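Right, one structure below, let's go through it.
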Amino acid sequence: MATELKPDTNELGLGEINKYDFRNAEKYIFKSRKGLDAQIVHQISDMKDEPQWMRDFRLQSLEIFNSKPMPRWGGNIDIDFQDIFYYIKPSDRQGRSWDDVPDDIKRTFDKLGIPEAEKKFLAGVKAQYESEVVYGSLREDLSKQGVIFTDTDSAVREYPDLVREYFSKIIPPTDNKFAALNSAVWSGGSFIYVPKGVKIEFPLQAYFRINAESMGQFERTLIIVDEGAQIHYVEGCTAPMYSTESLHSAVVEIIVKKHARCRYTTIQNWANNIYNLVTKRAVAYENAVMEWIDGNLGSRLTMKYPAVYMLEPGARGEILSIAFASNGQHQDAGAKVVHAAPHTSSRIISKSISKNGGRSSYRGLVKIEPGARKSKSNVVCDALILDSNSRSDTYPYIEVDEQDVSIGHEASVSKIGEEQLFYLTSRGLSEAEASTMIVSGFIEPLVKELPMEYAVEMNRLIELQMEGTVG
Amino acid sequence: MISSTQRETLRINDLHVSVGDREILRGVNLTFHRGETHALMGPNGSGKSTLGYAIMGHPGYDVTRGSIELVTAEGQSLNVLEMEPNERARVGIFLAFQRPMSIPGVKMADFLRHATTNVRRPDRKEGEELLPMRDFRKELKAKMEQLRMDPEFARRYVNDGFSGGEMKRAEILQMAMLRPKFAILDETDSGLDVDAVRLASQSIAEIGGAEMGILIITHHDKLLEHNRPDFTHVMLGGRIVETGGPELAEELHRSGYDRIRSQYPDAAADEAAMRQEKHVEPAAG
């Protein structure tokens, strides 16, 4: 075959993506009152019937949250913490088949295409609606091999030893104000354990949906990839548009052991009134590889800097990030790599697009600790600005405490040129098609890293974002 | 059938074009019919490329006076100046760029499938189906073989890291796929070695043949080797001062523009003035 072309249909994507903005009537088992205090935290812990250690952890985290100031960098966070619902329980149990999921919620995920995708190419699915995981599945052959894929609440009950060993060890509540908040009120999220040597071929996917207005969603994800094991985990996120802001503040901790590989892909398309303030961090041991692929298309403000701590020789961290900021959006996204052992390597590629008054920032840290000899790090960040109202900033931080290392950093900012547009329109493309094509080309080096289904999805989302850009 | 095809005409009348406040074209008249080959020659800076851009509708080139009219096979007259560049492409006008733009990350095949679909289906709405993949691939493969291009070419990013010769061949490939009625080739020979020019010349002849009206902008006669012009036009000082047959191209190639300059002193004075202005402008260097 002479050519290899992208599919132009959305056969396997995550569904009718221009239909994200729909909402269901609120029919909940339990909805906490608005606001945050110890009573709310007790209530959440009661609802979950948690062990005492977790209750104590939550209460302690609440104190840390209250004592920490708001971050003074990044974006403007204008949140009234007392005007948010911290816990909403949508159904009384988690479905193992979609038929067990309440009708309106099932319809939601149908519209988002999750059951369809599950049939076609996923090894397992978790669907979270408001505060709880309402559906979960895992292919039988994987569970027979000892793979655990459950919601984190169930994991606390069913795998207490594993959870206690790793939970909050990578991201303690003291890490930052929003990690403390999540630690106090967390609910849902995925817990994954991949046993030694088990390589999961197809992705496991989680989908996070916020439906209620003024909702706070605080999922907590913990992934342990044992020696020589492999996993690709994907998350998608959407919400309907309301006039008031909602908050999504997750904590994701990942342990990648010796010779193991973990790839974590996010396609975040939150409504434009959602604050998306997320802490994601992985530790990688000897010759382990951790890859974050982070697509940020939605939200009002995203502050997210997926991190890899390379703790033993040969560990590798990769962070590929795409941010698209349109009118009223600020994507403060980036990456953090910490080289804490010799012969470790990292690569950060960031591509950001700003249009229609949107603002995107790359904020990244490369840290090389003493003794991390022969470590290598390479950072490339490219920004594309589509019009003169839009903005792009780069904040690269590099801290090196070791001589014998190699570090590269390149940054570029470009605008879509009149000459490029003219060239494409002279071949019959409309200006909008031409701009979209230039933008797709700009992110192509990252999109081609995605499995085909997600590449198609990403391109569709970019096309949606580009609609109405010109004329 | 033949007679109706022959009537398809691109007619440029008294065209004045400015870039910023510099007037570059000062009343160009040129008519060409589908099936004819025209050569447009002239010294550097006489306005040849400007004519190409103006016909294609570059937004930086302001038409201050005159008209461009396309007469269809049905005898309908279309006002080209009212059209956006993509609409001009859809009615069958094509410009092979002297310096094509690179579009990193966009594969030639994807770009061409979009372009070909839009040009062949002028009524297609955005987001509607593209040409069927199988048919398109087959056709692209055949055209690339005809142009002796490596199949790998289709997978490369548009003009990204192309050599001069590859860029020009990519332009000819685009022309082959879009099958325009009127093609303007802007110095498709510049930056190519002798063999590459010969190959380009041959390809243009094979693809254009009698199907297209071709306007070849060139300094040399090599590109005309396989494309013997029915008409040769000489541009000087922003207008066409003389039109002749193939022997005129040969004469200019042999003897240069001295005779033209002395025979048309007004245009020669304009040319000198334009060159002066260009020197004043810092960006022009």
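Computed quantities for the displayed model
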item	result
Condition broken by B:Gly92, with the remaining ones in (1) more than 8 Å from chain A (Cβ to nearest Cβ); (2) touching a Lys or Arg at 6+ places or on another chain (Cβ under 6 Å); (3) without any contact (Cβ under 8 Å) to a residue 60 or more places away in the chain satisfied	(3)
Qualifying residue in the stretch B:114-126 (condition: farther than 21 Å from A:Ala434 by Cα, at pLDDT 90 or above and more than 7 Å from chain A (Cβ to nearest Cβ))	no
The lone exception for A:Ser426 - which of (1) over 29 Å from B:Val80 (Cα atoms); (2) over 22 Å from the mean Cα position of the chain (by Cα); (3) free of Cβ contacts under 8 Å to residues at least 40 places away in the same chain it fails	(1)
Filtered residues of the stretch A:24-65 (kept if polar (S, T, N, Q) and not in a loop (DSSP other than H, G, I, E, B))	A:Gln39, A:Gln43, A:Ser45, A:Gln52, A:Gln60, A:Ser61
Candidates B:Arg34, B:Arg113, B:Arg90, B:Arg120, filtered to the one that is surrounded by fewer than 18 Cβ atoms within 10 Å (Cβ to Cβ) and of a type in the set (D, E, K, R)	B:Arg120
Residue selected from the stretch A:134-149 under the condition under 20 Å from A:Gln94 (Cβ atoms) and part of a helix (DSSP H, G or I), by the criterion farthest from the chain's Cα centre (by Cα)	A:Glu140
Tally of residues being more than 24 Å from B:Ser163 (Cβ to Cβ) and not aromatic (Phe, Trp, Tyr) across the stretch B:178-213	8
The stretch B:54-79, residues that are facing chain A (nearest Cβ under 9 Å) and either part of a loop (DSSP other than H, G, I, E, B) or basic (Lys, Arg) (or both)	B:Gly57, B:His58, B:Pro59, B:Gly60
Members of the stretch B:156-195 that are of a type in the set (Val, Ile, Thr) and crowded, with 21+ Cβ neighbours inside 10 Å	B:Val158, B:Ile172, B:Ile184, B:Thr188
Condition broken by B:Glu82, with the remaining ones in (1) more than 9 Å from chain A (Cβ to nearest Cβ); (2) within 18 Å of the chain's Cα centre (by Cα) satisfied	(2)
Restricting the stretch B:144-157 to residues that are facing chain A (nearest Cβ under 10 Å) and not hydrophobic (A, V, I, L, M, F, W, C), the residue that is nearest to A:Glu444 (Cα to Cα)	B:Tyr157
Residue that is nearest to B:Ser163 (Cα to Cα), among those in the stretch B:95-151 that are part of a helix (DSSP H, G or I) and among the aromatic types (Phe, Trp, Tyr)	B:Phe111
The stretch A:102-123 residues that are free of Cβ contacts under 8 Å to residues at least 40 places away in the same chain, paired with ones that are among the aromatic types (Phe, Trp, Tyr) (beta carbon under 6 Å, 6 or more apart)	A:Lys106/A:Trp98; A:Pro115/A:Trp98
Residue list for the stretch B:212-247, filter: in a loop (DSSP other than H, G, I, E, B) and polar (S, T, N, Q)	B:Thr218, B:Asn227
Checking A:Pro370 against (1) within 25 Å of the chain's Cα centre (by Cα); (2) of a type outside the set (D, E, K, R); (3) away from chain B (no Cβ under 14 Å), the condition it does not meet	(1)
Which numbered condition B:Phe162 fails, given (1) in contact (Cβ under 8 Å) with a residue 60 or more places away in the chain; (2) within 12 Å of chain A (Cβ to nearest Cβ); (3) touching a Pro at 6+ places or on another chain (Cβ under 9 Å)	(2)
Residue in the stretch B:179-193 that is more than 8 Å from chain A (Cβ to nearest Cβ), part of a strand (DSSP E or B) and of a type in the set (Gly, Ala, Ser) present	yes
Any chance A:Val456 is in contact with a Lys or Arg (Cβ under 8 Å, 6 or more places away or on another chain) and within 21 Å of A:Gly295 (Cα to Cα)	yes
Residue satisfying all of: in the stretch A:399-423; more than 7 Å from every other protein chain (Cβ to nearest Cβ) and either crowded, with 20+ Cβ neighbours inside 10 Å or polar (S, T, N, Q) (or both); nearest to B:Gln98 (Cα to Cα) among these	A:Leu421
Residue check, A:Ser61 modelled with pLDDT under 95 and buried (at least 20 other Cβ atoms within 10 Å of the Cβ)	no
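Residue-by-condition table, conditions (1) out of contact with any Phe, Trp or Tyr (no Cβ under 9 Å at 6 or more places or on another chain); (2) at pLDDT 95 or above; (3) under 15 Å from B:Asp110 (Cα atoms):
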position: B:Glu152; (1), (2), (3): yes, no, yes
position: B:Arg156; (1), (2), (3): no, yes, yes
position: B:Gly161; (1), (2), (3): yes, no, no
position: B:Gly165; (1), (2), (3): yes, no, no
position: B:Ile172; (1), (2), (3): yes, no, no
position: B:Ala183; (1), (2), (3): no, yes, no
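Table: residues versus (1) assigned by TED's automatic domain parsing to the domain that holds A:Asp175; (2) among the hydrophobic types (A, V, I, L, M, F, W, C); (3) under 21 Å from A:Ala179 (Cα atoms).
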residue: A:Glu291; (1), (2), (3): yes, no, no
residue: A:Asn296; (1), (2), (3): yes, no, yes
residue: A:Ser299; (1), (2), (3): yes, no, yes
residue: A:Leu311; (1), (2), (3): no, yes, no
residue: A:Ala315; (1), (2), (3): no, yes, no
residue: A:Leu320; (1), (2), (3): no, yes, no
residue: A:Phe324; (1), (2), (3): no, yes, no
residue: A:Asn327; (1), (2), (3): no, no, no
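The values are calculated or read from the model by the stated rules, or taken from the named source; none is laboratory data. Quantities reported herein were computed from a predicted structural model and do not represent experimental measurements. Glycine also receives a Cβ, built like all others from the backbone with ideal geometry; neighbour counts cover every protein chain displayed.
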